[in-house]
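Take a look at the structure set out below.
The values are calculated or read from the model by the stated rules, or taken from the named source; none is laboratory data. Here the structure is a predicted model, which means the values were calculated and not measured. As a convention, Cβ positions derive from the backbone with ideal geometry for all residues, glycine included, and neighbour counts pool all protein chains shown.
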Amino acid sequence: MRIYVSLIMICFFMKLTSPKAQPFSSFLQQINLLEQEKRQEQVNRFLVGKPDIPVIESDTVVYFLYSGNAISVAIAGDATAWIPTLSMTRIIGTNLWYVSTSYQKDARLEYKVVINDMDWKLDSLNRRIVAGGMGNNSELIMPGYQAGKYNIKRPSIPSGSVSDTVIQSRVMKENRKILIYLPPGYSGSHDRYPVCYFHDGIEFFNLTAAKNILDNLISGKRIQPVIGVFIEPVQRDEEYSGFRQSDYTRFVTEELSSFIDATYRSETNPESRAQFGISNGGNISLWIAASHPENTGKVAAFSSNVEKSVMKAIKKSECNNQKVYLDLGAYDIPALLPMVRNLKDLLTEKGCSLSYHEYPEGHNWAFWQKYLPDALIFFFPSDSR
């Protein structure tokens, strides 16, 4: 019996002192007390325990770790404006590098590890990887972060249909690929539906799980059934804020709107049309709504660029029945922060119907995916018909 109790006590203390249970801060203190030739063995034991990396302590303190030979190691990501300024320190006598920092307890950030100032890599110690517009990134999720709940496919609910088509534009003098989402029950009804136009459409559709979100919101009676139109850019920046902006605007407000209204059972009043865009796609969405209120009554701009022309158009416009949804990441592209905040102030001053939010996230698709449902619910709540 005494031997049995002793074994239990040994197992208990081994669990307490195992690498996985040991906070990195105390591990760091202990390893610095060891002789250098014994340190690597302790590092190996710590990593074999497979702690969640980056290591988070006290809800807000974060330790980024890198194991490998290098001259220099740094972290670049949302929190550093994607500049590798968060430099790591190597524990002498080992190949383990670390740096500590702190973030809000509900933050979600994306990053990469930069080796020797030039080799940008995913964090090999972090199992969390997220897709982005320019490739995959490693993901840091703080303890208080709440994941979105509408982007997961649910086989048990009715599903909308998706088809692709090509529009020949006389204004743009080119063909344009379009994805069309029709809500569940469309083919069996005679109803007319609001229309949501998504710029950066193909990426928007793929990287925000837009179909799942629409299916879940409609089936859960969070929003009215809507038609989704996902527009692929050809010369993105020129169309959204450059020399092709005027033609692209005519394409959307004249050619594409007419095609949708003639082909599908869409509601044709401006209050039933919404433009959605991220970054520079937010700029063209705002521009269309501000310069053509007879066409569009609702606009959602996520982490948006806001050109001076947009501000001028909004100053001249009347809000009437328009609704605007804006959100912004606290770790967004620095140049965008004052733009969006100034736009928020202008819209508030004019008494527009505005939903505005800032969140501890960065300029990325996972951020926009999470809050796309909020914009849809703001525009087309199921009880508004």
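Summary of computed values
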quantity: Selected residue [in contact with a strand residue (DSSP E or B) (Cβ under 8 Å, 6 or more places away or on another chain) and surrounded by fewer than 21 Cβ atoms within 10 Å (Cβ to Cβ)] from LEU343, LEU337, LEU326; calculated: LEU337
quantity: Residue within the stretch 107-114 that is in a loop (DSSP other than H, G, I, E, B), at pLDDT below 95 and of a type in the set (Gly, Ala, Ser) present; calculated: no
quantity: Test result for VAL162, of a type in the set (Val, Ile, Thr) and touching a strand residue (DSSP E or B) at 6+ places or on another chain (Cβ under 6 Å); calculated: yes
quantity: Answer residue from the stretch 115-126, given it is in a loop (DSSP other than H, G, I, E, B) and without any contact (Cβ under 8 Å) to a residue 40 or more places away in the chain and is surrounded by the most Cβ atoms within 10 Å (Cβ to Cβ) among those; calculated: LEU122
quantity: Helices (runs of 4 or more DSSP H) enclosed by the stretch 219-320 - at least 3 residues per element that are surrounded by 21 or more Cβ atoms within 10 Å (Cβ to Cβ) and within 21 Å of the chain's Cα centre (by Cα); calculated: 280-291
quantity: Condition met for LYS112 (among the basic types (Lys, Arg) and closer than 25 Å to ALA335 by Cβ); calculated: yes
quantity: Out of ASN212, ASN206, ASN216, sole residue that is assigned by TED's automatic domain parsing to the domain that holds GLN275, under 20 Å from the mean Cα position of the chain (by Cα) and free of Cβ contacts under 8 Å to residues at least 12 places away in the same chain; calculated: ASN206
quantity: Residue list for the stretch 234-287, filter: within 23 Å of PRO194 (Cβ to Cβ) and of a type in the set (A, V, I, L, M, F, W, C); calculated: PHE251, VAL252, LEU256, PHE259, ILE260, ALA262, ALA274, PHE276, ILE278, ILE284, LEU286, TRP287
quantity: Flag if ALA70 is under 16 Å from LEU125 (Cβ atoms), modelled with pLDDT of 95 or more and not in a strand (DSSP E or B); calculated: yes
quantity: Check on LYS350, charged (D, E, K, R), outside the structural domain of LEU109 (by TED's automatic domain parsing), modelled with pLDDT under 95 and out of contact with any Pro (no Cβ under 6 Å at 6 or more places or on another chain); calculated: yes
quantity: The stretch 27-59, subset of a type in the set (S, T, N, Q) and in a loop (DSSP other than H, G, I, E, B), residue modelled with the lowest pLDDT; calculated: ASN32
quantity: Subset tally (residues that are under 22 Å from ARG273 (Cα atoms), free of Cβ contacts under 8 Å to residues at least 24 places away in the same chain and of a type in the set (S, T, N, Q)) for the stretch 136-186; calculated: 3
quantity: Residues within the stretch 75-114 that are hydrophobic (A, V, I, L, M, F, W, C) and touching an Asp or Glu at 6+ places or on another chain (Cβ under 8 Å), tallied; calculated: 3
quantity: The stretch 130-150 - residue that is part of a loop (DSSP other than H, G, I, E, B) and under 12 Å from the mean Cα position of the chain (by Cα) and, of those, farthest from PRO360 (Cα to Cα); calculated: GLY133
quantity: Residue check, VAL99 in the same structural domain as LYS50 (by TED's automatic domain parsing) and surrounded by fewer than 20 Cβ atoms within 10 Å (Cβ to Cβ); calculated: yes
quantity: Residue in the stretch 197-218 that is surrounded by the fewest Cβ atoms within 10 Å (Cβ to Cβ), counting only those that are assigned to a loop (DSSP other than H, G, I, E, B) and at negative phi; calculated: THR208
quantity: Counted residues, the stretch 164-190 - those being part of a strand (DSSP E or B) and either in contact with a helix residue (DSSP H, G or I) (Cβ under 8 Å, 6 or more places away or on another chain) or not polar (S, T, N, Q) (or both); calculated: 12
quantity: Selection count where residues are among the aromatic types (Phe, Trp, Tyr) and free of Cβ contacts under 8 Å to residues at least 24 places away in the same chain, scope the stretch 312-348; calculated: 0
